[in-house]
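*Asks:* The structure is given below, and queries will be raised subsequently.
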Amino acid sequence: MNAFTYRLTVMHRKLDDEIRRELKRRFPDTMRLLRLKKLRLAIKDRLHSRQLRAGRA
């Protein structure tokens, strides 16, 4: 795993934690949740595309 992939993985994990923390609040901020989930999905897509490119090489 290279440094860029590692950083993406760490960011994905942190976003997961933030989403869980927001969901545990009494009144979760739905707009914040949407932003966090969108960022998490974008990172997941980048990780997946990098894995596909690495598999071809």
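The values are calculated or read from the model by the stated rules, or taken from the named source; none is laboratory data. If you're wondering where the values come from, they're calculated on a predicted model, not measured in any experiment. Because the Cβ atoms are built from the backbone with ideal geometry, glycine has one as well, and the counts that use them run over all protein chains shown. Note: accessible area is taken over every heavy atom of the protein model, side chains too, but ligands, DNA and RNA are not part of it. Shrake-Rupley method; radii C 1.70, N 1.55, O 1.52, S 1.80 Å.
*Asks:* First select every other residue whose beta carbon is under 12 angstrom from the beta carbon of residue 36; then total the charges, Lys and Arg +1, Asp and Glu -1.
*Replies:* Values: positive: 14, 20, 21, 32, 35, 37, 38, 40; negative: 16, 17, 18, 22, 29.
Here the charged neighbours net out to +3.
*Asks:* Separate question: Rounded to the nearest whole Å², what accessible area per residue is found for the chain with the 1.4 Å probe? Let's see the in-between values first.
*Replies:* Working: 4960 Å² over 57 residues.
In whole numbers, the chain has 87 Å² accessible per residue.
*Asks:* OK, next. As an exercise, take the mean of 1/r over every pair of distinct alpha carbons in the chain, invert it, and state the Kirkwood radius in angstroms. Write out the running numbers ahead of the final one.
*Replies:* Details: mean 1/r = 0.0812 Å⁻¹.
Across the chain, the inverse of the average 1/r is 12.3 Å.
*Asks:* Continuing with this model, one more query. Could you give the size of the charge dipole of the chain about its Cα centre, using +1 on the Cβ of each K and R and -1 on the Cβ of each D and E, expressed in debye and rounded to the nearest 20? If you can, show how the numbers build up before the last one.
*Replies:* Values: 18 positive and 6 negative charges, 8 e Å.
The calculated dipole for the chain is roughly 40 debye.
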